[in-house]
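Participant: One structure, pasted below without further comment.
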Ligand code: ATP
């Protein structure tokens, strides 16, 4: 603390008297010294306080973490403690009662008999791999060439989420799970986000392959958390991309990795079986590999509505070009028919890429607008990359193991 307290080099009174000529000066000297000592005392008191509180922390017994399950009418609460059973406990007087609600994370005293504190929520690190978007901000008008698929999704997702009473009256059970399948980059994720926006539902997404590759041993728990989160946020749409990573049919379950994948799938099926068709949660799954899926997931009551999201046709490509050039400054007429013809075989993602390439061409030439010529060049660029990718894909395909579990 850099204190002079107890400094042995302090000059003696005689030395001071020798240096100070009159009483007045000596008085001033003493006053300064008193001030200095008072400050020193304050500092030491602070230090003492700090050590006292540290000592208290070291001596205080550990508390027990728990979650509130119910709040009883007599203000006691039922908690699930982290070390096991459900307990009925009192809440200490000094705890903010407005924070005492189901789901709150609290600390119990060491005996586990009283809630002594409400702890801040902390995000489960595993839950962070889910993307939660309250308002995805993608509309049906942002999706090109999939009118029929949009119509179907409106019927089986949007309408039941918005007007469940219609279905109740008619006695119809809408599907709980919908499977979108088709080649990559054709708008499966985009469509799922658009349905969430238009249904005023929260969009919670998760990539199944990440679940089994990055979070080994935690798959089933994360699936449970995913559904719990969706129920809390309802109306919600759960989007599971690359579902084949956990739902591919397999002949025998040998390795622990395969057992883990199986457990994750079982948990997913149990969760889907556990909610009702008119609960305000819908599950949309997507895959590029419908051929490898385990039939168990396609059974009635699970993913029993299957919708194909194919490569866009000529008209679809025109629409997608229009969508992605909507915000662009374009000089002259755009021949969308021509662009569509030139981009035959492109996915929506590739069309978007071609438009971005066109933008870069204009940028490199210091122009603030894009021309039809740039767009044609953009298509050519994506095409050449696509050719390289395809030839590599062929090499890769011939070397790839037969099963994704090998
Ligand atoms: P993957 O199977 O690889 O997950 P996906 O089918 O989910 O692909 P998206 O992620 O939806 O494809 O598409 C990627 C991007 O491509 C979208 O964000 C969008 O910008 C564009 N896109 C794809 N399809 C369309 C479409 N039909 N209309 C407009 N844009 C599209």
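Each reported figure results from applying straightforward, stated rules to the coordinates on display, with no laboratory input. Bear in mind the structure is a predicted one, so any value in this text is a computation, not a measurement. Neighbour counts are summed over all protein chains in view; Cβ atoms, including those assigned to glycine, are modelled from backbone coordinates with ideal geometry.
Participant: Given the condition part of a helix (DSSP H, G or I) and within 14 Å of the ligand (Cβ to nearest atom), answer yes or no: does some residue in segment 239-250 qualify? So that I can check it myself, show each step before the final result.
Facilitator: Here is the first cut: in segment 239-250, the ones part of a helix (DSSP H, G or I) are 244-247.
In the following step, the residues that additionally are within 14 Å of the ligand (Cβ to nearest atom) were identified as 244-245.
Yes - at least one qualifying residue is present in segment 239-250.
Participant: Out of all the residues in segment 208-228, which are surrounded by fewer than 19 Cβ atoms within 10 Å (Cβ to Cβ) and under 14 Å from the mean Cα position of the chain (by Cα)?
Facilitator: 210, 225, 228
Condition check ((1) free of Cβ contacts under 8 Å to residues at least 40 places away in the same chain; (2) away from the ligand (no atom under 16 Å from the Cβ); (3) under 17 Å from residue 143 (Cα atoms)) across all residues:
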position	(1), (2), (3)
175	no, yes, no
180	no, no, yes
185	no, no, yes
189	no, no, yes
199	no, yes, yes
210	no, no, no
214	no, yes, no
222	no, yes, no
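Participant: Take the residues of segment 295-322 that are under 27 Å from the mean Cα position of the chain (by Cα) and not in a strand (DSSP E or B): which is farthest from the ligand (Cβ to nearest atom)?
Facilitator: Residues of segment 295-322 under 27 Å from the mean Cα position of the chain (by Cα): 297-298, 301-309.
The next check asks that each one be not in a strand (DSSP E or B); those that pass are 297-298, 301-302, 309.
Values: 297: 17, 298: 18, 301: 25, 302: 21, 309: 6 Å.
For segment 295-322, the residue satisfying everything is 301.
Participant: Here's a follow-up. Looking at this structure, is residue 272 in contact with a strand residue (DSSP E or B) (Cβ under 8 Å, 6 or more places away or on another chain) and closer than 17 Å to residue 176 by Cβ? Working first, answer last.
Facilitator: Numbers: in contact with a strand residue (DSSP E or B) (Cβ under 8 Å, 6 or more places away or on another chain): yes; closer than 17 Å to residue 176 by Cβ: yes.
In short, yes.
Participant: Output the residues belonging to segment 195-207 that are surrounded by 23 or more Cβ atoms within 10 Å (Cβ to Cβ) and part of a loop (DSSP other than H, G, I, E, B).
Facilitator: 201 - this is the single residue of segment 195-207 that is surrounded by 23 or more Cβ atoms within 10 Å (Cβ to Cβ) and part of a loop (DSSP other than H, G, I, E, B).
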